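Novice: Pasting a structure here, questions to come.
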Amino acid sequence: MQTLPLEFELIASQIAAQYYPHRRFKLIYKIVNNFIDIEFQGYYTEEFVSSRNRPSNPTDDFYRDKKIDFTVGYGNNQLSLSAWWRGAILTFDYNTKYWSNEDGEEIACPYPDGEQFEIIAAALYPLLQQHY
């Protein structure tokens, strides 16, 4: 089974956290037939959550922020980023620079997270080329 280098996981999670302050990201990935699928799971940082009874595990469900979860798919120098937005799955194709809905129809960049996702995709693309 192929694995991602730990340095990639660290850098990729730091890139996502730059655009979502007070969050950390846990990466879960699957590599099949030279295609990688990476799920970025969002969690609030301990400093952001104010509770005396909070768990010590930073990836406990207590800290979970599912509304900023997203998935990156990469293979054959093609990158896509998908996320839930207002009850629908929207996808940004980095190579063509357009957004589509779950029916494959082209849509405008979703507000407010679309721009952040485009920047994250642009930062992850060369990193994926280098490490994968």
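Novice: Measuring with a 1.4 Å probe in the full set of protein chains, what accessible area per residue, in whole Å², belongs to the chain?
Specialist: 61 Å²
Novice: Of all the stretches in the chain, which is the longest one without any exposed loop site, taking trypsin sites (Lys or Arg not before Pro) in a DSSP loop (any state but H, G, I, E, B) with at most 15 other Cβ atoms within 10 Å?
Specialist: Answer - 1-51.
Novice: Measure nothing but the geometry: give the 0 to 90° angle between the long axis through the Cα atoms of 114-131 and the longest principal axis through the Cα atoms of the chain, rounded to 10°.
Specialist: 80 degrees
Novice: Enumerate by residue number the GluC sites (Glu not before Pro) in region 1-99 meeting two conditions: DSSP loop (anything except H, G, I, E, B), and at most 11 other Cβ atoms within 10 Å of the site's Cβ.
Specialist: For GluC sites (Glu not before Pro) across region 1-99 that sit outside H, G, I, E and B with at most 11 neighbouring Cβ atoms in 10 Å, the list reads GLU47.
Novice: I would also like to ask the following. Tally Lys/Arg at +1 and Asp/Glu at -1 over every other residue whose Cβ is under 10 Å from the Cβ of GLY42; what's the total?
Specialist: Within the 10 Å Cβ shell, the charges total +4.
Novice: Distance in nm between label sites at GLN116 and LEU6, each 7 Å beyond Cα in the beta-carbon direction?
Specialist: 2.8 nm
Novice: With the cut-off at 1.5 for a/c, could you classify region 15-116 from its C-alpha gyration tensor as rounded, prolate or oblate?
Specialist: In terms of gyration-tensor shape, prolate.
Novice: By a straight-distance test (C-alpha under 13 Å), which aspartates and glutamates pair with LYS26 as possible cross-link partners, with residues fewer than eight away in the same chain excluded?
Specialist: Straight-line reach from LYS26, under 13 Å: GLU9, GLU39, ASP60, ASP61, ASP65, ASP69.
Novice: So which chymotrypsin sites (Phe, Trp or Tyr not before Pro) in region 11-108 pass both tests, a DSSP loop state and at most 14 other Cβ atoms within 10 Å of the Cβ?
Specialist: Here the chymotrypsin sites (Phe, Trp or Tyr not before Pro) that fit, given the DSSP loop and packing criteria, are PHE48.
Novice: What do you get for the angle between helix 6-19 and the principal long axis of the chain? Use alpha-carbon atoms, 0 to 90 degrees, nearest ten.
Specialist: Rounded to the nearest ten degrees, it is 80.
Novice: Taking 0.36 nm per residue of separation and subtracting the Cα-Cα distance, what length does fully extending THR45 through ILE89 add?
Specialist: Gain on extension, THR45 to ILE89, equals 13.3 nm.
Novice: For n ≥ 4 DSSP H runs only, could you compute -39500 (n - 2.57) per run for the chain, divide by its residues and tell me the 222 nm figure to the nearest 500?
Specialist: The helix contribution divided over the chain gives -8000 deg cm²/dmol.
Novice: Right, another one. Counting only protein heavy atoms, what percent of the accessible surface of the chain is carbon or sulfur at a 1.4 Å probe?
Specialist: 48 percent
Novice: Taking 0.36 nm per residue of separation and subtracting the Cα-Cα distance, what length does fully extending GLN78 through TYR19 add?
Specialist: Additional length available on full extension: 19.0 nm.
Novice: Taking the Cα-to-Cβ direction at LYS66 and at GLU105 and moving 7 Å from each Cα, how far apart do the two end points lie in nm?
Specialist: 2.6 nm
The values are calculated or read from the model by the stated rules, or taken from the named source; none is laboratory data. This structure is a prediction, so every number in the text was calculated from the model and none was measured. Every residue, glycine among them, receives a Cβ derived from its backbone with ideal geometry; neighbour counts consider all protein chains shown. Protein only, heavy atoms only, side chains kept; ligands, DNA and RNA dropped before computing areas. Shrake-Rupley method; radii C 1.70, N 1.55, O 1.52, S 1.80 Å.
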